[in-house]
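So the structure is just underneath, and the comments pick up after that.
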Amino acid sequence: MSITHGDISSDESLGRRVLVRARIIAPCLDSLDKDSEAGKDAIAILKGVIAEIPAAGSRRTRSLSRNGTSMSVDVIDAAFDSDSRLSLQSLCDQGNPTGLPRGRFPKDRPLGRVWPEGKYS
């Protein structure tokens, strides 16, 4: 059974919002069984993300405006720090090499006809 909002938070709305953002970061979350080791790791990471989200109110306020009557607050994406992102992605990237080029690149380069390329001494 896959990870649900109830596994990570008692607040259904918050749990759903965090799960939706987490699926963008790590698309394999739906395929993880919540009782597997990887599923338990994902639940622990997501619970940590939720623990870092401040409660609604003045602590979440990022900016205020006076005459324009505007107020902006932290978004769910801000709760995912780089460690949480990498940890979630590591659950999906098992066995996939990273940093390698994807696709094919032509051997002939357009600038090679203008300036001949070769070995330099």
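Computed from the coordinates by the stated procedures, all read-outs in this text should not be read as laboratory data. These figures come from a predicted structure and were not determined experimentally. Cβ sites come from the backbone with ideal geometry, for glycine too, and all protein chains shown count toward neighbours.
Just a few scattered comments:
- What you get for the range 11-53, charging only the Cβ of Lys and Arg (+1) and of Asp and Glu (-1), is a dipole of about 180 debye around the Cα centre.
- Stretch gain in nm, segment GLU37-ALA78, where the contour uses 0.36 nm per residue and the Cα spacing is subtracted: 12.1 nm
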